[in-house]
1. Of all accessible surface on the range 328-433 at a 1.4 Å probe, what whole percent is carbon and sulfur?
2. Would you calculate the separation in nanometres between label points at Trp356 and Leu373, each defined as 7 Å from the Cα along the Cα-to-beta-carbon direction?
3. Kindly report the accessible area of the range 339-384 per residue (heavy atoms of protein chains, probe 1.4 Å, no ligands, DNA or RNA), in Å².
4. Hey, what do the phi angles of the range 174-187 turn into as Karplus ³J(HN,Hα) couplings, whole Hz, using 6.51/-1.76/1.60 and θ = phi - 60°, x for Gly and Pro?
5. Quick one: length gained pulling Lys403 to Ala237 fully straight, 0.36 nm per residue minus the C-alpha distance?
6. Report, largest value first, the span of the C-alpha coordinates of the range 319-377 along each principal axis, in whole Å.
7. Work out, step by step, the length gained on full extension between Ala251 and Asp154: first 0.36 nm times the residue separation, then minus their alpha carbon distance; give nm to one decimal.
8. Using a simple spin-label model with points 7 Å from Cα along the Cα→Cβ vector, what separation in nm is obtained for Leu455 and Ser128?
Amino acid sequence: MKHVQRAARTVALLAPVMVLAAALAGCASTVPARGATDADATATRQLAAYPSFRGATRPDVPTAPATAAAPGTAAFDDGAWWRRFDDPVLDQLVDAALAANHDVRIALARVEQARAGVDLATSRLLPSIDAIGARARDHTAYEEAVRQRLPDTDVRRGGLNVSWEVDLFGAARAARGAAAADLLAVEHARRGAQLAVISEVAAQYFTLRGAHARLAIVDSLVDSEQQTLRLTELRRAAGQASDFDVDRAQAELATTEAARPPLRALVDVAGYRLAVLTGRSPGSWDAALAATANAPLPAPLAVAPGQPAELLQRRPDLMAAESQLRAAGFRDDEAHADRVPRLMLSALFGTQWTAWNALDLGRTGFSNLAATLALPLYAGGRIQAGIDAANARQSEALAGYEKTILQALEEVESSLTALNNDAARAQDLDRSVAARERTLGRARALYREGEADLLVVLDVERGLLANRLDRASLGTDQLLAVVQLYRALGGGWKAAETVASTPAPQRN
């Protein structure tokens, strides 16, 4: 009972010191991360100079990147944007990629690592308690004259050791803030990995679908040229065409058929890539993809007027760069805290059993209470080197953040420009295809009547093939530009009608 009372007295002595230390820690202000102000100012400066999309009035840019949906942005689609294409096969591919893609799984593992890092940094703010136990025996077989009457002893000790470094000047809190910012950064990186995988799946899928569409055009023209060849052979048998005409029709047919292998290879390569993106072996999706071969390509979606530059603040890479900048600011604070004093508290209490020769002295309590204040005076330049390194890392993070902002603006501008130009070009190609189809019909009619040369028919067919292939390729390019814009904006925008064949409105 005595040792319990002695332990209670030790805790009573220790309590005021810990309370005082906690009060000092509460009064000591945590230095805010220097990177936070820089990040906010950079975002405001860069994004305020960027106009709203499609000619709308430039919005007020918030002073800090938003972590939640800002007022007025509820209409923006930030979820499953790929479902707007209304393609079940694409939905299946994306779902499979999100579940099994290796890049996404790696990003998830990094999130778990960062979450453990936050727990580790938080532990610095708490005391540590260790249970201790020891036994020491001192015995010798020498004769009494040699032993000089030294007794045999047996000492057993057990107790608790409590230690705590009081965070007076915010070093541990800065470390925890840096770890929390790191967790946000890798969480945004995880979202970025998911967005990249979804975008790549959609891009490869539309590339494959576009190749299927061009193959259908080539197959259709091959059938037409085979009919022209048969007609030319009949005309030669009737003495109305020469061997030269037949050879020329055969050569044109062979040239058109030569366009098939590259398109088939493109289909295969895109299918292999989709399998890898979804964590499967090549060829796993062949049956599902083959079923889409004859389906028309979906119409690309347009961007509604008045999309603000605030959408850029939803980009995962931009938010990750901002979090990295804040983490660098916290670590700079932690480095500066090495210059200030450190207060360590420790307490040791427990029970000891002692035996002296054959005499059992029984059980007794022991305790130890200590408070240490350490002020660094000389460390060979280690502290200043740490501060210099932290400052350099913060400058690096700031430059990376600014670079990410500019890259985001560039990608959005490039995607919008591509959409505008592709829409205008689609209109021109549609007119050209329609005109060439009419011309080919007339040329074939004249050729059957013997009023036109075969060369005219073949020339028109060649031009029509080129136009149709260009239009099919442009349809794929439009879909890829839409996917790229989704990725550039961080995944989604306000719904609008499909582009169809009309050009999108020009930006101011």
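1. 55 percent
2. 4.0 nm
3. Using a 1.4 Å probe on heavy atoms only, each residue of the range 339-384 averages 68 Å².
4. Whole-Hz 3J(HN,Hα) from phi for the range 174-187: 5, 5, 5, x, 5, 5, 5, 5, 4, 4, 4, 4, 6, 5.
5. 52.6 nm
6. 71, 31, 15
7. Full extension from Ala251 to Asp154 adds 24.3 nm.
8. Here the modelled spin labels are 9.2 nm apart.
The values are calculated or read from the model by the stated rules, or taken from the named source; none is laboratory data. Model, not experiment: these values are computed from the prediction. Please note: Cβ atoms are built from the backbone with ideal geometry, for glycine as well, and neighbour counts cover all protein chains shown. Remember, those area values only see protein heavy atoms, side chains included, never the ligands or the DNA or RNA. Shrake-Rupley method; radii C 1.70, N 1.55, O 1.52, S 1.80 Å.
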